[in-house]
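Quick note: the coordinates plus some simple rules give every number you see, no bench work behind them. This one's a predicted model, so the numbers in the text were calculated from it and none came from an experiment. For neighbour counting, all protein chains shown are included, and Cβ atoms are generated from backbone atoms with ideal geometry for every residue, glycine included.
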Amino acid sequence: MKREKLRILLADDHQMLRDGLRLLIDAQPNMRVVGEAANGCEALLKARELSPDLVVMDLSMPQMNGLEATQQLRAELPQIRILALTAHEDESYLAQLCKAGAVGYVLKRSAGEELLQAINTVADGGLHFERTLAGKALARHVAGPTASPNAGPEVLSDREREVLLRVAWGFSNKEIASELRLSVKTIETYKVRISEKLSLRSRAEMVQFALRQGLLDARHPPSRG
């Protein structure tokens, strides 16, 4: 069954940037922009009115900044996923953003293909962190109970660990299968085993586990084929 187009709300105080992002997103076959907001307060109002699947949220906006808007939006409408678009590269600031409920962020200097990849990743239930910043620093800040308190990465086989790392970097099952020269069905089996061994219930929890364990090295992410 064909999935409906992702409904996306753009929140940024620069009209030219919103225009460019709208053109980029609307050109994709699986997503469309359903609304725009110029500040955090307007983003909240539009999100309540339109119930988008995802909000691309600028962090530096007047009246209410993106961090505050993210916190309120997650409290009111937790089903809406929030992807931050930011010029900030400070790790502690980005960690606050993750704790506020954003499922990822893209640096403005990397916007474009990176943004489209991030939208697809978070729409599929994953998290997307800019690869130049993600890793051990964020692992100290990403919170939430996931794995069994006694379970660690040492319970995984080498192959299971390879699959887990690629899941954490946002690779799709198809991409992981191609990278490891295995079938998609085999990758799905490995993910089930990982979930059972670590008591993880979703892709997002696998990502959080990998971050907290310091398994991600942002300088050397796996290749994509």
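Just how far, in whole angstrom, is the range 155-179 from the range 18-73 if you go by their alpha carbon centroids? Computed from Cα coordinates, the inter-centre distance equals 31 Å. Overall form of the range 153-212: prolate. Here a/c, set by the Cα gyration tensor axes a ≥ b ≥ c, is 1.5 or more, and a/b is the larger of a/b and b/c. Scanning residues 5 or more positions from L85 or on other chains, those with amide H under 5 Å from its amide H are M57, D58, L59, V106, with H placed 1.01 Å from N in the peptide plane.
Each other residue within a Cβ distance under 12 Å of T70 adds +1 if Lys or Arg and -1 if Asp or Glu, for a net charge of 0. Sort the range 6-133 into rounded, prolate or oblate with this rule: let a ≥ b ≥ c be the square roots of the eigenvalues of the Cα gyration tensor; rounded if a/c is under 1.5, and if a/c is not under 1.5, prolate when a/b is larger than b/c, oblate otherwise. Rounded is the answer for the range 6-133, as its axis ratio a/c remains below 1.5. Extending 7 Å from the Cα toward the beta-carbon at both S199 and E49 defines two label points whose distance is 4.5 nm. Fewest-first ordering of S60, S157 by other beta carbons within 10 Å of each residue's beta carbon gives S157, S60.
Cut-off 15 Å, label point 7 angstrom out along Cα-to-Cβ of Q117: give me the residues of the range 17-32 whose amide nitrogen falls inside. Zone members listed by number: none at all.
Can you pull out the GluC sites (Glu not before Pro) in the range 8-98 whose DSSP state is coil and whose Cβ has at most 16 other Cβ atoms within 10 Å? For GluC sites (Glu not before Pro) across the range 8-98 that sit outside H, G, I, E and B with at most 16 neighbouring Cβ atoms in 10 Å, the list reads E89. Counting neighbouring Cβ atoms within 10 Å and putting the fewest first, the residues R81, R22, R212, R48 line up as R48, R22, R212, R81.
One decimal place: the segment S178-D26 gains 51.8 nm when fully extended, by the rule 0.36 nm per residue minus the C-alpha distance.
For the range 153-212, the relative contact order works out to 40 percent when only alpha carbon pairs closer than 8 Å and six or more residues apart are counted. Ordered by the number of other Cβ atoms lying within 10 Å of each residue's own Cβ, fewest first, V163, V192, V184, V33 fall into the sequence V192, V184, V33, V163.
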